[in-house]
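To keep things clear, I will list the structure first and then write my remarks on it.
The values are calculated or read from the model by the stated rules, or taken from the named source; none is laboratory data. Being a predicted model, the structure only gives us computed values, none of them experimental. Every residue, glycine among them, receives a Cβ derived from its backbone with ideal geometry; neighbour counts consider all protein chains shown.
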Amino acid sequence: MNFNNSPLDKRSENWLPTLEKQTHDQFAKQVSHKKNIVLYGAGTLGKQVLAGLQQKGFQPVAFVEDCEEKRFVAGLPVLPLPEAHNLYRDESLYIISILNANFSYKQAVKKLAKLGLKNVMSFMAFYAAFPESFLPYYCIGRPEILSAAADKIHTAINLLSDKQSRDEFLSHMHFRRDLQFSVLPEPSTPAYFPSDLFPKLANDISFVDLGAFNGDTVKLFLQRTQNKYGKIWALEPDAKNFTALLSFAESLDGKDKEKISCLNLAIGDQVGEIGFHSEGSEGSCYSADSGEKVQTITLDSFFLDKAVSFIKFDIEGMEMQALAGGQKLIASKKPVLAVAAYHKPEDLWEIPIYIKSLNPGYRLYLRTEGYDGMGLVYYAV
């Protein structure tokens, strides 16, 4: 494969991000003339951003959310947006402290602008100003990460099989350079089963859902297959999420209920146990420091003797380990892989390189299925 006209042609490294993110002093200057700092989003991330701001000497005055009643989180009031607008309309800086695949920073900015609130930034700008304290965070890494990976980045984009994939790769690279949300592709649908790559799924397809959460992706799978498929295995390590998954499975019709196996297990590169941080939400994740343990299996140990045709990986940064634990399965059976690539900065280039090393016969595609750098998925077909 030859992309001599690719923006990542090694003959010219003008593509390499300069990573001119704001410095500590620039951030301090930006907020110093603002009377109040207001955080839009009082969830887990909002509390983390609040603690980070306080650590660096900045004291927000409130959280704001799309809620009806005032409450308190981490000592700050959580205000409905109209009330916050009345209290903190002038000389205020609103920092968006929400990050998930279904939330759009650009849409939030427009919403605030309609109220006359135009001093808005993402929490990412704050994190980027103090990279030694807060980065990497999901897809946003320290400047030196991208610089050190120049050769791998070039290799990865040249493994991709269509122009859309290469364009989206570049867009995400540019976003990570300067945090300009305008360069990000709009999400494609449906998630994990894009119609351009999978116009039709085989009637005997067997699906493995790694990181099944509450059954949301299984529900999409049933819709796409019109309930014509072979078997479903849904793995979810978080106990509360697994309860919700079981409840969803129990709600299915009898035939579907018989063909789905729900497993309260984690997936990795070895059989055993791993530290885990349960939140009962999409934020549950693996944690080496956690006293909580969950049982782990590998793809090879559990699925090598089974007829597996499609595997989805969305496991909070453990995607590379799960791939490593499925080397034999991937090499011998070449199932379709859908691998999330936004939990760590390096996943954008490491995942396609590694998949190709396991089975050179794959064609690789990249699709954006969420907002703000989230929901980025590689497909190996």
Exercise for the section: Mind listing whichever residues of the range 231-258 are within 21 Å of residue 193 (Cα to Cα) and crowded, with 16+ Cβ neighbours inside 10 Å? Expected result: 231, 232, 233, 234, 235, 236, 245, 248, 249, 252
Practice task
Kindly check whether there is at least one residue in the range 1-23 that is modelled with pLDDT under 65, aromatic (Phe, Trp, Tyr) and under 27 Å from the mean Cα position of the chain (by Cα).
Solution key: yes
Completion exercise
residue 164 vs (1) modelled with pLDDT under 95; (2) farther than 30 Å from residue 81 by Cα; (3) of a type outside the set (Ser, Thr, Tyr): all pass except (1)
Completion exercise
Residue pairs within 6 Å by beta carbon, gap of at least six or interchain, first lying in the range 140-166 and more than 21 Å from residue 184 (Cβ to Cβ), second among the aromatic types (Phe, Trp, Tyr) and buried (at least 17 other Cβ atoms within 10 Å of the Cβ), listed first then second, are 152/349; 161/365
Completion exercise
Reported set for the range 50-96 where residues are over 18 Å from residue 113 (Cα atoms) and in a strand (DSSP E or B) is 62, 71, 72, 73, 76, 77, 78
Exercise for the section: Run down 101, 42 and say which single residue is modelled with pLDDT of 95 or more, within 30 Å of residue 187 (Cα to Cα) and not assigned by TED's automatic domain parsing to the domain that holds residue 314. Expected result: 42
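Yes/no matrix, rows are residues, columns are (1) out of contact with any helix residue (DSSP H, G or I) (no Cβ under 8 Å at 6 or more places or on another chain); (2) not in a helix (DSSP H, G or I):
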site	(1), (2)
147	yes, no
154	yes, no
164	yes, no
169	no, no
176	no, no
185	no, yes
Problem - Residue ID - nearest to residue 182 (Cα to Cα), chosen from residues in the range 104-133 that are assigned to a helix (DSSP H, G or I), small (Gly, Ala, Ser) and assigned by TED's automatic domain parsing to the domain that holds residue 84 - result: 108
Completion exercise
Note on the range 198-230: residues of a type in the set (Phe, Trp, Tyr), out of contact with any helix residue (DSSP H, G or I) (no Cβ under 6 Å at 6 or more places or on another chain), crowded, with 20+ Cβ neighbours inside 10 Å and assigned to a loop (DSSP other than H, G, I, E, B) are 229
Handout entry: Matching residues in the range 271-306 - criterion: being surrounded by fewer than 19 Cβ atoms within 10 Å (Cβ to Cβ), modelled with pLDDT of 95 or more and in a loop (DSSP other than H, G, I, E, B)
Key = 271, 304, 305, 306
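So that you can scan it fast, the table gives a plain yes or no per residue for (1) in contact with a strand residue (DSSP E or B) (Cβ under 8 Å, 6 or more places away or on another chain); (2) buried (at least 24 other Cβ atoms within 10 Å of the Cβ):
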site: 328; (1), (2): no, no
site: 333; (1), (2): no, no
site: 340; (1), (2): yes, yes
site: 344; (1), (2): no, no
site: 356; (1), (2): yes, no
site: 371; (1), (2): no, no
